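Report on one structure; see the data block that follows.
The values are calculated or read from the model by the stated rules, or taken from the named source; none is laboratory data. Because the structure is predicted, anything quoted here is derived from the model rather than measured. With ideal geometry, Cβ positions are generated from the backbone for all residues, glycine too; neighbour counts draw on all protein chains shown. For the accessible areas, the whole protein counts, side chains as well, though only heavy atoms, and no ligand, DNA or RNA atoms are used. Shrake-Rupley method; radii C 1.70, N 1.55, O 1.52, S 1.80 Å.
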Amino acid sequence: MEKVAVFVDVQNIYYTCKQAFGRSFNYRALFQNLNYTTQIEYAIAYAIAPADDGQVKFQDALKHIGFDVKLKPYIQRSDGSAKGDWDVGITIDVLDYAEQVDKVILLSGDGDFDLLMAKVAQKFNCKTEVISVTELTAKSLLDVISHHTPIDKQLLI
């Protein structure tokens, strides 16, 4: 069975699913589907530190499903803008784990990851897959991966 590492950009998946479908992503369905067809070696979800009970419950649910949840504080800048970006953390982890698996699965449509996914395929000779909302996924990312799985009704709550 194919060994996989799953990396979830929680903010990206949340906002793209809400924008495209007005619904939330079903992490349990994803995990069950992957568990049925692959051997999940690593499953990491990158989220923003909880500001309310709803987020705490959501992150607890991710842990219960089988994800390792990594948290980063939400930063409110003095100019009013905000930041809660995990791109560098995801990149470091992908590079650390890619060598140990047959496939890297990234849940994000963020084009910032195109160089990472191209590098992983080239350096570690592993397959690369992105699971995302197709119309909100950067073409540059789709162009460099082995496989794209569009988020559809089966992966929504």
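Run down Lys18, Lys3 and say which single residue is open to solvent by 40 Å² or more (accessible area, probe 1.4 Å), among the charged types (D, E, K, R), touching a residue at least 60 places away in the same chain (Cβ under 8 Å) and out of contact with any helix residue (DSSP H, G or I) (no Cβ under 7 Å at 6 or more places or on another chain).
Values: Lys18 fails: touching a residue at least 60 places away in the same chain (Cβ under 8 Å).
From the options Lys18, Lys3, the qualifying one is Lys3.
Would you call Val10 open to solvent by 40 Å² or more (accessible area, probe 1.4 Å) and either at negative phi or at pLDDT 95 or above (or both)? Can you show your working first?
Numbers: open to solvent by 40 Å² or more (accessible area, probe 1.4 Å): no; either at negative phi or at pLDDT 95 or above (or both): yes.
So Val10 fails the test.
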Failed item, numbered, when Ala43 is tested on (1) open to solvent by less than 50 Å² (accessible area, probe 1.4 Å); (2) touching a Gly at 6+ places or on another chain (Cβ under 7 Å); (3) assigned to a helix (DSSP H, G or I): (3)
Flag for Ile65 being over 16 Å from Ala5 (Cα atoms) and not polar (S, T, N, Q): no
Among the candidates Lys119, Lys103, residue that is of a type in the set (Lys, Arg) and either under 16 Å from Leu30 (Cβ atoms) or touching a strand residue (DSSP E or B) at 6+ places or on another chain (Cβ under 7 Å) (or both): Lys103
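I need the full set of residues from segment 109-125 which are of a type in the set (A, V, I, L, M) and under 11 Å from the mean Cα position of the chain (by Cα), in order please. Please lay out each step first, then the result.
If we filter segment 109-125 for residues that are of a type in the set (A, V, I, L, M), which is where we start, we get 115-118, 120-121.
Within segment 109-125, no residue meets the criteria.
Condition check ((1) over 13 Å from the mean Cα position of the chain (by Cα); (2) of a type outside the set (Val, Ile, Thr)) across all residues:
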position: Ala51; (1), (2): yes, yes
position: Val56; (1), (2): yes, no
position: Asp68; (1), (2): no, yes
position: Val94; (1), (2): no, no
position: Gln100; (1), (2): yes, yes
position: Lys127; (1), (2): yes, yes
position: Val133; (1), (2): no, no
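Which of the strands (runs of 3 or more DSSP E) found entirely inside segment 47-157 contain at least 1 residues meeting this: open to solvent by 70 Å² or more (accessible area, probe 1.4 Å)?
Working: elements: 68-72, 103-107, 127-132, 147-150.
Because the criterion is at least 1 residues that are open to solvent by 70 Å² or more (accessible area, probe 1.4 Å), the strands (runs of 3 or more DSSP E) in segment 47-157 that meet it are 68-72, 127-132, 147-150.
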